[in-house]
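For reference, the structure is listed below as structure tokens.
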Amino acid sequence: MIATFAGFDLMSTTTPLTRFLPSVAAIVAAAVLTPLPAFGILAAAVLMVLLAPRTFANDERGRLDTLYATLPISRRAVVVGRYVALIALYLTLAAVGTAAAVAVTLVQDQQVSLVQLGLVNLACLAFFLLVIAVQLPFFFAVGFVRARPMMYIPVIAGAGALWLAGRLGLQERIDLDALTALHPAALVALSALALAAAVTISAVIAARQYARRSL
């Protein structure tokens, strides 16, 4: 049931293609037009943060929550299926951003840094997962209209954090080479465990809130 709903959610989010292709074009443009091609990966994360709540807007517009309640599918399956669909869609767009970054770097006759691409992907994945871990329980609890401000708060907070980091010169104080030379496998493993725990806790809370919600 979870896989079926996740597939349905992916199909409804990406069709028609004329509505989805602009997101792909924006990711490629970010890689081509910005000083750092890896910004295409960041563009994928930002776009998905804004796109994720749209699935709830589609539910309310088409009264799909009522439909889900009449189908032989549990509310828990709806919640988990949506998490799975959003993460799968993000990974797809991040792959597009990564491919665009590699292509642009090669066209510019520069060396591709796998370490840089790996760190950017890890950071953007962490950003996206933490944002939806905060956002989705609100949308499942009260719906899109009432939780709409949650679309923009994480993006504004993230942009503010980046601006503050730039003002404080934090990026110049971080030795990425030393960081990755320590224990990259351990860093990835710990990050994966922490993110998995955050998303799991979020899904449990969202499922409980959605089960209590009157449809």
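The values are calculated or read from the model by the stated rules, or taken from the named source; none is laboratory data. Keep in mind the model is a prediction, meaning the values are calculated, not measured. In this analysis, Cβ positions are derived from the backbone assuming ideal geometry, glycine residues included, and neighbour counts consider all displayed protein chains.
General observations
- Scanning the range 163-190 for residues that are modelled with pLDDT under 70, part of a helix (DSSP H, G or I) and loosely packed, with under 13 Cβ neighbours inside 10 Å turns up GLY166, LEU170, GLN171, GLU172, ARG173, LEU176, ASP177, ALA178, ALA181, LEU182.
- Of the listed requirements (1) within 22 Å of VAL204 (Cβ to Cβ); (2) out of contact with any Asp or Glu (no Cβ under 8 Å at 6 or more places or on another chain); (3) buried (at least 18 other Cβ atoms within 10 Å of the Cβ), ILE73 misses just one: (3).
- Filter result for the condition that a residue is aliphatic (A, V, I, L, M) and modelled with pLDDT of 95 or more, over VAL142, VAL84, VAL78: VAL84
- 2 or more residues free of Cβ contacts under 8 Å to residues at least 60 places away in the same chain and within 23 Å of ILE156 (Cβ to Cβ): qualifying helices (runs of 4 or more DSSP H) within the range 32-126: 39-61, 75-107
- Within the range 114-161, the set of residues being over 30 Å from ARG213 (Cα atoms) and exposed (fewer than 13 other Cβ atoms within 10 Å of the Cβ) comprises LEU114, ALA159, GLY160, ALA161.
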